[in-house]
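The values are calculated or read from the model by the stated rules, or taken from the named source; none is laboratory data. Only a predicted model underlies this, so the values are computations on that prediction, with no experimental measurement involved. Glycine also receives a Cβ, built like all others from the backbone with ideal geometry; neighbour counts cover every protein chain displayed. SASA here: full protein model, heavy atoms, side chains in, ligands and nucleic acids out. Shrake-Rupley method; radii C 1.70, N 1.55, O 1.52, S 1.80 Å.
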Amino acid sequence: MTNMETHRARAYACLDEPLPAVELSFEIFPPKTPEATERLWQNLELFVAAKPRFISVTCGAGGSGELGTFDLVQAVQARFGVPVAAHMTCAYASRAEIDALARRYWESGIRRIVALRGDPPKGSTRYSPRPDGYAYASDLIEGLKSLADFDISAACYPEVHPEAESADADFANLVRKVGAGATRLITQYCFDTDRILRLRDRIAAVGITTEFVPGIMPIHSFNQIRRFSLACGAGVPGWRAELFEGGEDGSPVHGMIAASVVAEQCRRLAAEGLTRMHVYALNRAELPLAITHLLRAAHALPAAA
Ligand code: FAD
């Protein structure tokens, strides 16, 4: 049996067994309008009630700069007292500005950082390091660790980062981030679970024991995800397109398919022992909460099969 056949055989065998307990973290972004802000605060009540491991707040996704991240991180921590992780990127500020921001986070009690290179600034498609900045995520992680003992999550890519010279160069970069002090690796979302497991196995094979957390993307809108995936190098398998074909974005049918597909992926990952997952919640509550319920009640599912 090949490794992947073993994975598959185990995955299907596990569907009949109770799953281990899972722990989820949720990722949100700073909203841009008063209506979106109000909706987010309502949804945050629901996220917090689901007892997440932590809530993370993105920074400058799409090249928009630091707008709102610091304030939202502070507000969520103050209101709910849950662990909050602040995303920080190299792309939008000088090293001195980033160091100053990191000190403010530390002084305000924030201990978790998701450290990233970041998307290129708006208007440019290629990233080039700022002369006065941190060039890559590994440099940022090293800089943050020299300031304080942050708990640092770094990104990794089951389908290889789209700008990487090669898969090996990308893997070498992952190893550099661990060497620089990352405490956790969170994957880019990936709809091909086999690829996530292959990356997990490759990391283990070189003796890295850093926590490995699959990033989970619930599909709120298939058309939007298809566009976004093109930009970030995530593949959309043909079978996914087939599943969503004809189910209008936002319709109840679309939502049911999305919940079923994402729960299936999470159940397989949990059965593989990957019980900590990071959900790209995109400020929406329905699918992240559906995942939470379906996984936490998973002990009952074999009875329904
Ligand atoms: P890096 O690890 O720096 O790698 C980027 C590329 O450069 C790779 O191709 C790598 O192989 C290459 N590289 C690394 N070091 C070198 C070197 N020394 N020389 C040459 N090449 C090198 N983006 C945002 O803007 N804001 C966010 O809040 C945000 N949150 C995210 C959260 C998660 C969990 C994930 C997975 C991604 C997130 N992103 C975010 C997207 C991320 O910024 C992009 O994927 C970005 O293109 C790469 O970030 P990185 O930290 O992996 O970069």
Probe 1.4 Å, protein heavy atoms only - accessible area per residue of the chain in square angstrom: 48
How would you order 109-119, 87-97, 28-38 from highest to lowest mean count of nearby Cβ atoms within 10 Å? 109-119, 87-97, 28-38
Over the range 178-305: Kirkwood hydrodynamic radius from C-alpha pairwise inverse distances, Å: 15.7
Taking the Cα centre as origin and putting +1 on Lys and Arg beta-carbons and -1 on Asp and Glu beta-carbons, what dipole magnitude results for the chain, to the nearest 20 debye? 360
Kindly provide the Kirkwood hydrodynamic radius of the chain in Å, to one decimal, from all pairs of distinct alpha carbon atoms. 20.1
Cα to Cα, under 17 Å, and not fewer than 8 places away if on the same chain: which aspartates and glutamates meet these conditions relative to Lys51? Glu23, Glu27, Glu286
Helix 286-296 sits off the longest principal axis of the Cα atoms of the chain, rounded to the nearest 10 on a 0 to 90 degree scale, by 60
Could you state the orientation-averaged shadow area of the convex hull built on the Cα atoms of the range 172-222, in nm² to one decimal? 4.0
Three principal axis extents, largest first, for the C-alpha atoms of the range 222-293, in Å? 33, 28, 24
Taking only the alpha carbons of the range 67-194, the radius of gyration and the largest Cα-Cα distance, Dmax, both in angstrom, are 14.9, 44
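Based on DSSP H runs of at least 4 residues, each adding -39500 (n - 2.57), what is the mean residue ellipticity at 222 nm of the chain after dividing by all its residues, to the nearest 500 deg cm²/dmol?
Calculated mean residue ellipticity at 222 nm is -14500 deg cm²/dmol.
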The range 24-81: percent of C-alpha pairs farther apart than 16 Å? 41
Using 7 Å Cα-to-Cβ label points, what is the Asp249/Glu165 separation (nm, one decimal)? 3.8
Check the straight Cα-Cα distances from Lys177 and name the lysines below 27 Å, setting aside those fewer than 8 residues away within the same chain. Lys122, Lys145
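If contacts are Cα pairs under 8 angstrom and at least 6 residues apart, what is the relative contact order of the chain in percent?
Computed value for the chain: 23 percent relative contact order.
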By accessible area of protein heavy atoms, probe 1.4 Å, what ranking do Phe212, Phe80 get, highest first? Phe80, Phe212
Computed label-point distance, nm, for sites Glu35 and Ala75 using a 7 Å Cα→Cβ extension: 1.8
For the range 154-195, shape from the Cα gyration tensor axes a ≥ b ≥ c, cut at a/c of 1.5 then a/b versus b/c, turns out oblate
